[in-house]
Amino acid sequence: MLRTGTLKAHARVNERVFRLKRFTADSAKPEVIVDELLNGDGAVLISGLFSAEDIAEARDIVMENSKEADTVTHFQGAAQQDGSINLQRRVWNLLAKGEVFSRMATQPVLMNILRRFLGSEFIMGSIAANRLLPGGPGQEPHVDYPYWDFHSPETHPIGLNGSFPMNAQVSIILDPFTEESGATAFVPGSQKELRYPTEADRFYDRCERMAGEPGDVALFYGVTWHCAMPNRSHHDRNAILIQYLPKWVKPMEDMPAALPQAFIDNASADLRQLIGLNYPYPEVLDAAKAGNAEGRK
Ligand SMILES: O=C(O)CCC(=O)C(=O)O
Ligand SMILES: [Fe+2]
């Protein structure tokens, strides 16, 4: 009896369909997606933006660059304490690690949505991979940079809320994102009130998953409560995580400092914008070209 009951319960879990609105390159109209991010669930899935070749190449580079667990990570305090932190690995500064990542960062459908969401001169704050090995740990439920330390709201301006966006997150899925493999969990609608989630929010009871196939993109507003979940599958769970910001938010990765000069010299107009070269503040104004540099006229 007990055994049958267990099997039935297991089958139901496997059949679960998650609440995540799905779009294609054609249906992902900027005004529709922006409304979903601000006023809907806070997250969407877009398919068909990347070729299988690009996804395979990106995955190979991530695997090659994460043989050791030797980079900084975030929201993994529990894993640090229980000794499983080496089963999740980050690869930072991806623009320097393969041309495929420049194509991913500047994907035209995403660029169009982001121009509308974050302002036409938006920048990229980080492009990194998150690899969860089999048995890898989940993260604490959180909100993303620049709100990521909002567990201490007094360090931010009084009255700060999520009514206008200072972040958009893109996860390019490189391996099957399932409940078992640790697909990112999120609470639909939680972006409407800027808060760092607490135990009382019952995150794990309420969460849905950004489930998807390799090549799918999960796009979400980073004030939506979310986290990577434990990888209980037998395969690695890789994703490219791109953080986009308005032009005036201090980026998380110092890309101009981390990239070779030749990369910067040859960067396309979109990439120059993304790495912050169109809005070069702070600047040593004592050394800046003399004359008027700002104003309507
Ligand atoms: O990899 C994931 O599923 C999410 C990662 C994330 O939310 C983060 O690192 O801020
Ligand atoms: Fe996050």
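The values are calculated or read from the model by the stated rules, or taken from the named source; none is laboratory data. All figures in this text were calculated on a predicted structure; none of them were measured in a lab. A quick note on method: Cβ atoms are made from the backbone with ideal geometry, for glycine too, and the neighbour counts reach across all protein chains shown.
Details
- Meets criteria (among the hydrophobic types (A, V, I, L, M, F, W, C), outside any helix (DSSP H, G or I) and buried (at least 18 other Cβ atoms within 10 Å of the Cβ)) for Val44: yes
- Residues located in region 268-293, provided they are farther than 16 Å from Ser126 by Cβ and either touching a residue at least 12 places away in the same chain (Cβ under 8 Å) or of a type in the set (D, E, K, R) (or both): Ser268, Asp270, Arg272, Leu277, Asn278, Tyr279, Tyr281, Glu283, Asp286, Lys289
- For region 96-108, the condition of being within 21 Å of Trp148 (Cβ to Cβ), more than 16 Å from ligand 1 (Cβ to nearest atom) and modelled with pLDDT of 95 or more holds for at least one residue.
- Selection from region 48-77 of residues that are in contact with a Lys or Arg (Cβ under 8 Å, 6 or more places away or on another chain) and not in a loop (DSSP other than H, G, I, E, B): Asp54, Ile61, Val62, Met63
- Where Glu140 falls short, out of the listed (1) of a type in the set (D, E, K, R); (2) in contact with a Gly (Cβ under 9 Å, 6 or more places away or on another chain); (3) away from ligand 2 (no atom under 16 Å from the Cβ): (3)
- Ser120 vs. criteria assigned to a loop (DSSP other than H, G, I, E, B), closer than 23 Å to Pro165 by Cβ and more than 16 Å from ligand 2 (Cβ to nearest atom): yes
- In region 163-216, the residues that are basic (Lys, Arg) and touching a residue at least 40 places away in the same chain (Cβ under 8 Å): Lys192, Arg195, Arg209
- Screening Asp201 on (1) within 13 Å of ligand 1 (Cβ to nearest atom); (2) more than 12 Å from Gln169 (Cα to Cα) shows it passes everything except condition (1).
- Selection status of Ser171, within 12 Å of ligand 2 (Cβ to nearest atom) and surrounded by 17 or more Cβ atoms within 10 Å (Cβ to Cβ): yes
- Arg296 more than 12 Å from ligand 1 (Cβ to nearest atom), in a loop (DSSP other than H, G, I, E, B) and touching a residue at least 24 places away in the same chain (Cβ under 8 Å): no
- Hits in region 207-257 (condition: more than 11 Å from ligand 1 (Cβ to nearest atom) and among the charged types (D, E, K, R)): Glu208, Glu213, Asp216, Arg232, Asp236, Lys247, Lys250, Glu253, Asp254
- Verdict on Ala105 being closer than 30 Å to Glu180 by Cα, surrounded by 20 or more Cβ atoms within 10 Å (Cβ to Cβ) and within 16 Å of ligand 2 (Cβ to nearest atom): no
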